[in-house]
Every structure is written in structure tokens, then in C-alpha cells.
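I have placed the structure first, in the form of C-alpha cells, so that the comments after it can refer back to it.
The values are calculated or read from the model by the stated rules, or taken from the named source; none is laboratory data. It should be emphasised that the depicted structure is a prediction, and the values quoted were computed from it without experimental measurement. As a convention, Cβ positions derive from the backbone with ideal geometry for all residues, glycine included, and neighbour counts pool all protein chains shown.
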């Protein structure tokens, strides 16, 4: 806490200092010379950097997906079967859930 | 010979009151490259003041300002005019300064020199009277400058903008392109980092 107090006091002292706006002699001539002698900007440069980033992201995703895939158990059949049965039950409940009389009708033997 | 010198900034303001940034930029885009000098004369004092916060050697400061203007010229077509040109140029300035800090960090040798006699005097005075404003602010500034030299680039940038230039989180977010929560998180970390550096410099024995 004391250290934070000291830090704030130091920063307050530094804040009071105004930075000089002094410019070296004929600096604007140096800038104009630099601009005229600078090579023309490559218009594809932003695309290149963007594509590199995209490629790296794709590689990372591919590596993560590959690791996950190879880490899975080799015999997923029982789980799939259970899932299919569970899905079938859910479908039946969804379709026939609102029709209690249908179940009764199916349960009653046909009258002669 | 007189052509080589920029006039006084107040004269520039008076002379260019009728030629706004937008009209000068339109002329440059139309091929009058020489008119870029007007923008340079208008903004170079402010950019030098900004660059001096991030670099100490004069040649480094001049290189930073030159890079800013070259980037401004190369990207002038991307200024759409929906925000003031000054804001746009300051965004570029902050990014160039940040890049310069990162390069500087790679080439930096970690050296934690001893406190100077003036800095020790200042700290002793602080220990005796923590609530006083302090004597010899120059010693305090030197201490801050040395601590800032040791900060990571992002921390130095955020503390400079937030605590030395007294900018808001929203302004910093606009200048750096970082989200506002990220600015807050980085500011929190930067303060902690500065405390650690001060502690390493041996200021704790004065507390």
C-alpha cells in the first residue's frame, strides 16, 4: 500500500513535466525526402499478412481437431446404439405423447 | 534558405486557417505531393512531444516522427474524413511508438542501476513526509523514467497514456485499438509491474 502511494506520488511529479515541442531545423525537408525516396507500398501486403494469420489459425484448428479425434475410443458402437434407442423413445413420446386415447384403443381387443 | 524553415506554429495556424486538413489532403491525393509539407509543419511539434515520452535519444525520437509521417503519407487514402484528421494521425503515432517500444525492448540490456544521490534524497524526503508534494521533482521524474524503461511495452504505453497524459480509458481504447476491458486489465497489470520494478530498484527501504 505504501509502495502504491509512492508510485502515485512519482507519477504525479512526472505528469507535471510538459514535453518539449521543439522541432529540429528543417525537419520537414527530411520528411519530404523520406517520402519521395520511400519504395511504393505493396498493395498486397495487408492481404499477405492476413492470409498468413488465417493459415496459422487453420493449422491450429486442424491440430486440435486431429488430437481430439485420435483421443476418442476406437469402438463407439454401444454408445451410438444407446443413442439410437434413446432417440427412438424420444420420437415416440413426442409423436404419441398427446394421444392417450390412442394407447387405450390399441390396448383394447377389437370387439366382435 | 528561408524556404527550409517551418514558420512559428502560431503563424501556421493563422496561415492555414482557410486551408483545412481535408482540403490539403484532397490536394495531396490529387497529386500535389509537396503540400504534405503543410501537414508536417502543422503536426510535427505535437508528434515530437508525443515521441519524447517513449524515447530518450534524439535520433530515436526523430526516427519515430519520421516513421509516423511516412505511414501517414502511405495511408492517406484510408482517411475517410469521418473523424478529425488529428485523431487519425494520433492513432498512427501511438502505434508507431508502441512498435518502437517493442523493438527497443528486444535490443535492451536489463540493467538495474543504483539510485542516484538526488533520487535517494527525494525518497528520504518522501519517507519523512509522505503527504508532502516533494522537493526536486526532477529526481522523481528521473526515477519514473528509469522505472518506465524497465516496463513491458504494453505496460509503458498504457501508463503513459493513462497516468502521464491523463487520457480516459475510452480514448486509449480508440488510440490503441484495444477493447476497453483489455485497457483496464492492462492498466491493472502495468501498475503492479511498476510496483515490482520500484521494489527491485530498492525504494522499499525508504518506506
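Structural remarks
- Taking the criterion of being surrounded by fewer than 16 Cβ atoms within 10 Å (Cβ to Cβ) and either on the phi < 0 side of the Ramachandran plot or within 12 Å of chain A (Cβ to nearest Cβ) (or both), the residues of region B:170-181 that qualify are B:170, B:179, B:180, B:181.
- Members of region B:52-70 found to be farther than 14 Å from residue A:30 by Cβ and assigned to a helix (DSSP H, G or I), listed by number: B:60
- Within region B:182-207, considering residues that are under 22 Å from residue A:13 (Cβ atoms) and within 17 Å of the chain's Cα centre (by Cα), the one surrounded by the fewest Cβ atoms within 10 Å (Cβ to Cβ): B:187
- Residues in region B:130-164 that are within 9 Å of chain A (Cβ to nearest Cβ) and at pLDDT 95 or above: B:159 only.
- Residue match in region B:183-193 (condition: within 10 Å of chain A (Cβ to nearest Cβ) and part of a helix (DSSP H, G or I)): yes
- Those residues of region A:1-19 which are over 39 Å from the mean Cα position of the chain (by Cα) and either surrounded by fewer than 11 Cβ atoms within 10 Å (Cβ to Cβ) or more than 7 Å from chain B (Cβ to nearest Cβ) (or both), in sequence order: A:12, A:18
- Within region B:165-176, not a single residue is outside the structural domain of residue B:96 (by TED's automatic domain parsing) and within 21 Å of residue B:199 (Cα to Cα).
- Selection status of residue B:93, in contact with a helix residue (DSSP H, G or I) (Cβ under 6 Å, 6 or more places away or on another chain), part of a helix (DSSP H, G or I) and within 20 Å of residue B:43 (Cα to Cα): yes
- Subset of region B:29-63 (residues that are exposed (fewer than 14 other Cβ atoms within 10 Å of the Cβ) and either under 18 Å from residue B:100 (Cα atoms) or more than 10 Å from every other protein chain (Cβ to nearest Cβ) (or both)): B:29, B:30, B:31, B:32, B:56, B:57, B:58, B:59
- Contact map, region A:35-60: residues that are within 11 Å of chain B (Cβ to nearest Cβ) paired with residues that are surrounded by 10 or more Cβ atoms within 10 Å (Cβ to Cβ) and not in a helix (DSSP H, G or I), Cβ distance under 9 Å, separation 6+ or inter-chain. Pairs shown: A:41/B:75.
- Taking each residue of region B:156-180 that is within 16 Å of residue B:87 (Cα to Cα) and looking for partners that are assigned to a loop (DSSP other than H, G, I, E, B) with beta-carbon atoms closer than 7 Å, six or more apart or interchain, yields B:161/B:167; B:173/B:179.
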